[in-house]
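Asks: What follows is a structure written as C-alpha coordinates; I'll ask about it next.
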Amino acid sequence: MKITIVQFAPIFGEKENNIEKIINYIKSDSADIILFPELCTTGYFFTGRAELSPVAEYREGEFCSEMKQLAVERNIIIIAGFAEKAADKIYNSCGLFFPKPEYNSIYRKTHLFYKEKFSFEAGDTGFFVVDYKEWDIRIGTMICYDWRFPESARSLALQGADLIVCPSNLVTDVWQNVMSARALENMVWLAVSNRCGTESRNGEELVFKGNSAMYDTYGRQLGICSADNEEALTIEFQPHTSRNKSFNEFNDIFNDRRPEYYK
Ligand code: ACM
(Lines give C-alpha, C1' and ligand atoms only; values in the text may rest on other atoms or scores of the structure.)
Protein backbone atom coordinates (compact mmCIF):
# COMPACT_ATOMS: atom_id res chain seq x y z
CA MET A 1 0.00 0.00 0.00
CA LYS A 2 1.23 3.51 -0.73
CA ILE A 3 0.64 6.74 1.12
CA THR A 4 1.37 10.24 -0.17
CA ILE A 5 2.02 12.87 2.47
CA VAL A 6 1.38 16.34 1.07
CA GLN A 7 3.21 19.32 2.50
CA PHE A 8 2.01 22.67 1.28
CA ALA A 9 1.33 26.21 2.45
CA PRO A 10 -2.38 27.06 2.38
CA ILE A 11 -3.06 30.73 1.79
CA PHE A 12 -4.81 32.24 4.80
CA GLY A 13 -8.54 32.68 4.21
CA GLU A 14 -8.35 31.78 0.50
CA LYS A 15 -10.41 28.67 0.72
CA GLU A 16 -11.27 28.31 -2.96
CA ASN A 17 -7.63 28.52 -4.06
CA ASN A 18 -6.56 26.11 -1.34
CA ILE A 19 -9.23 23.58 -2.25
CA GLU A 20 -8.29 23.84 -5.93
CA LYS A 21 -4.70 23.06 -4.97
CA ILE A 22 -5.80 20.11 -2.83
CA ILE A 23 -7.86 18.72 -5.72
CA ASN A 24 -4.91 19.10 -8.10
CA TYR A 25 -2.68 17.17 -5.70
CA ILE A 26 -5.30 14.42 -5.49
CA LYS A 27 -5.75 14.21 -9.26
CA SER A 28 -2.03 14.05 -9.95
CA ASP A 29 -1.28 11.37 -7.35
CA SER A 30 -1.52 7.60 -7.64
CA ALA A 31 -1.04 6.42 -4.03
CA ASP A 32 -3.81 4.57 -2.14
CA ILE A 33 -3.93 7.10 0.70
CA ILE A 34 -3.32 10.86 0.44
CA LEU A 35 -2.80 12.89 3.59
CA PHE A 36 -3.01 16.68 3.89
CA PRO A 37 -2.10 19.03 6.79
CA GLU A 38 -4.29 20.42 9.56
CA LEU A 39 -6.70 23.21 8.45
CA CYS A 40 -5.45 22.89 4.88
CA THR A 41 -8.50 24.56 3.33
CA THR A 42 -8.35 27.78 5.33
CA GLY A 43 -4.94 28.43 6.83
CA TYR A 44 -4.35 28.42 10.55
CA PHE A 45 -3.79 31.57 12.57
CA PHE A 46 -7.33 32.87 13.18
CA THR A 47 -7.70 35.67 15.66
CA GLY A 48 -11.16 34.58 16.75
CA ARG A 49 -14.45 32.96 15.94
CA ALA A 50 -15.84 35.89 13.92
CA GLU A 51 -12.98 35.63 11.45
CA LEU A 52 -13.07 31.83 11.32
CA SER A 53 -16.82 31.34 10.98
CA PRO A 54 -17.22 32.42 7.29
CA VAL A 55 -14.62 29.87 6.10
CA ALA A 56 -15.64 27.00 8.40
CA GLU A 57 -18.12 24.55 6.98
CA TYR A 58 -20.60 21.85 7.93
CA ARG A 59 -19.76 18.24 7.24
CA GLU A 60 -22.38 18.30 4.49
CA GLY A 61 -20.60 21.33 2.95
CA GLU A 62 -18.79 21.77 -0.33
CA PHE A 63 -15.32 20.60 0.75
CA CYS A 64 -16.41 17.36 2.38
CA SER A 65 -18.79 16.61 -0.50
CA GLU A 66 -16.00 17.13 -3.01
CA MET A 67 -13.57 14.91 -1.04
CA LYS A 68 -16.25 12.27 -0.59
CA GLN A 69 -16.85 12.14 -4.33
CA LEU A 70 -13.13 12.10 -5.24
CA ALA A 71 -12.42 9.25 -2.80
CA VAL A 72 -15.08 7.14 -4.53
CA GLU A 73 -14.14 8.12 -8.10
CA ARG A 74 -10.42 7.58 -7.63
CA ASN A 75 -10.68 4.61 -5.23
CA ILE A 76 -8.43 6.27 -2.65
CA ILE A 77 -8.52 7.29 0.98
CA ILE A 78 -8.30 11.07 1.44
CA ILE A 79 -7.45 12.53 4.86
CA ALA A 80 -7.46 16.31 5.35
CA GLY A 81 -7.81 18.87 8.11
CA PHE A 82 -10.57 21.49 7.92
CA ALA A 83 -12.56 23.89 10.11
CA GLU A 84 -15.83 22.15 10.89
CA LYS A 85 -19.05 23.91 11.83
CA ALA A 86 -21.49 21.96 13.94
CA ALA A 87 -24.54 23.82 15.28
CA ASP A 88 -23.07 26.88 17.04
CA LYS A 89 -19.59 25.39 17.45
CA ILE A 90 -16.47 25.23 15.28
CA TYR A 91 -13.99 22.37 15.59
CA ASN A 92 -10.45 21.88 14.30
CA SER A 93 -11.30 18.67 12.49
CA CYS A 94 -9.91 16.07 10.16
CA GLY A 95 -12.07 14.34 7.55
CA LEU A 96 -11.35 10.75 6.50
CA PHE A 97 -12.96 9.91 3.16
CA PHE A 98 -13.02 6.35 1.87
CA PRO A 99 -13.91 4.66 -1.43
CA LYS A 100 -16.88 3.20 0.49
CA PRO A 101 -18.47 6.34 1.96
CA GLU A 102 -20.16 4.48 4.81
CA TYR A 103 -16.71 4.51 6.48
CA ASN A 104 -16.30 8.30 6.21
CA SER A 105 -15.49 9.84 9.58
CA ILE A 106 -14.51 13.10 11.21
CA TYR A 107 -12.05 13.42 14.08
CA ARG A 108 -12.18 16.65 16.14
CA LYS A 109 -8.86 17.79 17.62
CA THR A 110 -8.83 16.94 21.32
CA HIS A 111 -6.05 19.22 22.59
CA LEU A 112 -6.20 22.82 21.40
CA PHE A 113 -2.90 24.66 20.89
CA TYR A 114 -2.17 28.28 21.80
CA LYS A 115 -4.66 30.79 20.29
CA GLU A 116 -6.80 28.06 18.75
CA LYS A 117 -8.60 28.40 22.08
CA PHE A 118 -10.02 31.76 20.88
CA SER A 119 -11.59 30.22 17.78
CA PHE A 120 -12.26 26.52 18.22
CA GLU A 121 -14.12 24.25 20.56
CA ALA A 122 -12.10 21.39 22.07
CA GLY A 123 -12.96 18.21 20.19
CA ASP A 124 -15.58 15.81 21.50
CA THR A 125 -15.10 12.76 19.28
CA GLY A 126 -12.26 11.26 21.29
CA PHE A 127 -9.67 9.10 19.61
CA PHE A 128 -11.07 6.37 17.41
CA VAL A 129 -9.87 3.96 14.75
CA VAL A 130 -11.58 3.36 11.41
CA ASP A 131 -11.34 -0.30 10.49
CA TYR A 132 -11.56 -0.10 6.71
CA LYS A 133 -12.42 -3.71 6.03
CA GLU A 134 -12.37 -3.37 2.24
CA TRP A 135 -8.58 -2.99 2.33
CA ASP A 136 -8.03 -4.43 5.81
CA ILE A 137 -6.35 -1.31 7.18
CA ARG A 138 -7.08 0.37 10.52
CA ILE A 139 -6.45 4.11 10.65
CA GLY A 140 -6.36 6.37 13.70
CA THR A 141 -6.06 10.14 13.67
CA MET A 142 -4.48 12.70 15.95
CA ILE A 143 -4.01 16.35 14.99
CA CYS A 144 -0.79 18.27 15.58
CA TYR A 145 -0.53 19.28 19.30
CA ASP A 146 -2.27 15.98 20.21
CA TRP A 147 1.24 14.49 19.79
CA ARG A 148 2.33 16.07 23.10
CA PHE A 149 0.01 13.71 24.91
CA PRO A 150 1.37 10.17 24.59
CA GLU A 151 -2.11 8.98 25.50
CA SER A 152 -3.31 10.06 22.03
CA ALA A 153 -1.16 7.64 20.05
CA ARG A 154 -1.38 5.01 22.81
CA SER A 155 -5.14 5.11 22.80
CA LEU A 156 -5.20 4.73 19.00
CA ALA A 157 -2.71 1.87 19.10
CA LEU A 158 -4.63 0.05 21.85
CA GLN A 159 -7.72 0.33 19.65
CA GLY A 160 -5.82 -1.47 16.91
CA ALA A 161 -4.52 1.30 14.64
CA ASP A 162 -2.07 0.08 12.00
CA LEU A 163 -1.44 3.59 10.78
CA ILE A 164 -1.66 6.80 12.80
CA VAL A 165 -2.02 9.92 10.69
CA CYS A 166 -1.13 13.31 12.13
CA PRO A 167 -2.21 16.29 10.01
CA SER A 168 -0.28 19.20 11.48
CA ASN A 169 0.63 22.88 11.53
CA LEU A 170 3.72 22.44 13.70
CA VAL A 171 5.54 25.58 14.76
CA THR A 172 8.15 24.17 17.15
CA ASP A 173 11.03 21.79 16.56
CA VAL A 174 10.53 19.64 19.64
CA TRP A 175 8.05 17.25 18.03
CA GLN A 176 10.98 15.87 16.01
CA ASN A 177 12.28 14.40 19.28
CA VAL A 178 9.29 12.17 19.90
CA MET A 179 7.38 11.26 16.73
CA SER A 180 9.65 8.33 16.11
CA ALA A 181 9.12 7.22 19.73
CA ARG A 182 5.32 7.39 19.29
CA ALA A 183 5.70 4.95 16.38
CA LEU A 184 8.23 2.72 18.16
CA GLU A 185 6.53 2.47 21.56
CA ASN A 186 3.22 1.55 19.91
CA MET A 187 4.67 -0.40 16.97
CA VAL A 188 2.51 1.50 14.49
CA TRP A 189 3.12 3.27 11.21
CA LEU A 190 2.98 7.02 11.68
CA ALA A 191 2.53 9.67 8.99
CA VAL A 192 2.92 13.38 9.80
CA SER A 193 1.72 15.85 7.21
CA ASN A 194 2.90 19.26 8.32
CA ARG A 195 2.49 22.54 6.48
CA CYS A 196 5.20 24.97 5.53
CA GLY A 197 5.18 28.74 5.06
CA THR A 198 4.34 31.56 7.46
CA GLU A 199 1.26 33.44 8.68
CA SER A 200 1.24 36.88 10.31
CA ARG A 201 -1.72 38.13 12.32
CA ASN A 202 -1.87 41.24 14.48
CA GLY A 203 1.91 41.65 14.34
CA GLU A 204 2.64 38.07 15.37
CA GLU A 205 4.23 35.67 12.92
CA LEU A 206 4.01 31.90 12.98
CA VAL A 207 6.57 29.90 11.00
CA PHE A 208 5.40 26.41 10.10
CA LYS A 209 8.25 23.95 10.10
CA GLY A 210 7.51 21.47 7.30
CA ASN A 211 9.59 18.29 7.65
CA SER A 212 6.55 16.09 7.05
CA ALA A 213 7.63 12.51 7.55
CA MET A 214 6.76 8.83 7.72
CA TYR A 215 7.91 6.41 10.42
CA ASP A 216 7.77 2.62 10.48
CA THR A 217 6.80 0.38 13.39
CA TYR A 218 10.37 0.50 14.71
CA GLY A 219 10.36 4.29 14.70
CA ARG A 220 12.65 4.52 11.67
CA GLN A 221 12.11 7.58 9.51
CA LEU A 222 11.32 6.32 6.01
CA GLY A 223 11.24 9.72 4.33
CA ILE A 224 11.12 13.39 5.21
CA CYS A 225 10.19 16.58 3.36
CA SER A 226 12.22 19.78 3.44
CA ALA A 227 11.58 22.46 6.06
CA ASP A 228 10.09 25.05 3.75
CA ASN A 229 9.12 23.76 0.31
CA GLU A 230 5.82 22.50 -0.96
CA GLU A 231 6.28 18.86 -1.83
CA ALA A 232 4.72 15.41 -1.71
CA LEU A 233 6.33 12.32 -0.21
CA THR A 234 5.15 8.87 -1.30
CA ILE A 235 6.03 5.87 0.84
CA GLU A 236 5.18 2.20 0.44
CA PHE A 237 4.25 0.42 3.67
CA GLN A 238 2.69 -2.81 4.94
CA PRO A 239 -0.05 -1.94 7.44
CA HIS A 240 -0.38 -5.49 8.81
CA THR A 241 3.11 -5.60 10.30
CA SER A 242 1.81 -3.35 13.08
CA ARG A 243 -0.39 -6.17 14.37
CA ASN A 244 2.53 -8.18 15.66
CA LYS A 245 3.61 -6.33 18.80
CA SER A 246 6.52 -8.61 19.63
CA PHE A 247 10.11 -7.69 18.90
CA ASN A 248 11.71 -10.93 20.10
CA GLU A 249 10.43 -14.35 21.12
CA PHE A 250 9.78 -13.30 24.74
CA ASN A 251 8.43 -9.75 24.50
CA ASP A 252 5.20 -8.38 23.16
CA ILE A 253 4.79 -4.71 24.00
CA PHE A 254 1.04 -4.96 24.52
CA ASN A 255 0.97 -8.30 26.34
CA ASP A 256 3.82 -7.09 28.57
CA ARG A 257 1.91 -3.99 29.71
CA ARG A 258 1.05 -3.89 33.43
CA PRO A 259 -1.61 -1.19 33.67
CA GLU A 260 -2.27 -1.99 37.34
CA TYR A 261 1.08 -0.32 38.06
CA TYR A 262 0.46 2.75 35.88
CA LYS A 263 -0.96 5.20 38.43
C1 ACM B 1 -0.63 22.88 16.53
O2 ACM B 1 -1.30 22.14 17.25
N3 ACM B 1 -1.13 23.39 15.43
C4 ACM B 1 0.74 23.23 16.91
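The values are calculated or read from the model by the stated rules, or taken from the named source; none is laboratory data. Keep in mind the model is a prediction, meaning the values are calculated, not measured. Using ideal geometry, Cβ is built from the backbone for each residue, glycine included, and neighbour counts are taken over all protein chains shown. With ligands, DNA and RNA removed, areas are computed over all heavy atoms of the protein, side chains included. Shrake-Rupley method; radii C 1.70, N 1.55, O 1.52, S 1.80 Å.
Asks: Run the simple label-point estimate for Asp124 and Arg148 please: 7 Å along Cα→C-beta, distance reported in nm.
Replies: With each label placed 7 Å out from Cα toward Cβ, I get 2.4 nm.
Asks: Along the positive direction of the dipole of region 191-260 (beta-carbon charges: Lys, Arg +1; Asp, Glu -1; about the Cα centre), which of Asn248, Ser200, Ser226 reaches farthest?
Replies: Asn248
Asks: So, one more: Quick one: dipole size for region 68-144, taken about the Cα centre, charges +1 on Lys/Arg Cβ and -1 on Asp/Glu Cβ, in debye to the nearest 20.
Replies: Dipole of region 68-144, to the nearest 20 debye: 180 debye.
Asks: Okay, moving on. For region 130-263, what proportion of DSSP beta bridges, expressed in % and rounded to the nearest 5, is antiparallel?
Replies: Percent antiparallel among DSSP bridges in region 130-263 is about 65.
Asks: Can you give me the accessible area per residue for the chain, using a 1.4 Å probe, in Å²?
Replies: 43
Asks: If you take all C-alpha pairs in region 1-98, what percent of them are over 21 Å apart?
Replies: Result for the distance tail: 27 percent.
Asks: Any lysines with Cα under 26 Å of the Lys115 Cα? List them, leaving off those in the same chain fewer than 8 positions away.
Replies: Partners found: Lys15, Lys85, Lys89, Lys209.
Asks: Another one. Suppose we take every Cα in region 100-210 and form the convex hull; what volume per residue is that in Å³?
Replies: 115
Asks: Give me, ordered by chain and number, the residues 5 or more places off Gly223 or on other chains with an amide H under 5 Å from its own placed amide H.
Replies: Here Met214 satisfy the definition.
Asks: Length gain on complete extension for the stretch Arg59 to Ser200, per 0.36 nm per residue less the alpha carbon to alpha carbon distance?
Replies: This chain segment gains 47.9 nm when fully extended.
Asks: Share of antiparallel DSSP beta bridges in the chain, in percent to the nearest 5?
Replies: Close to 70 percent.
Asks: If I histogram all Cα-Cα distances within the chain using bins 10 Å wide from 0, what percent of pairs lands in each bin?
Replies: 7, 33, 38, 18, 4, 0
Asks: Suppose every Lys and Arg Cβ carries +1 and every Asp and Glu Cβ carries -1, with no other charges. What dipole size does region 3-81 come out with about its Cα centre, to the nearest 20 debye?
Replies: On the way: 7 positive and 12 negative charges, 21 e Å.
Computed charge dipole of region 3-81: roughly 100 debye.
Asks: Helix-derived [θ] at 222 nm for the chain: sum -39500 (n - 2.57) over DSSP H runs of at least 4, divide by residue count, nearest 500?
Replies: Computed mean residue ellipticity for the chain: -5500 deg cm²/dmol.
Asks: Still on this structure: Rounded to the nearest 20 Debye, what is the dipole magnitude of the chain about its Cα centre when Lys and Arg each give +1 and Asp and Glu each give -1 at the C-beta?
Replies: Roughly 500 debye for the chain.
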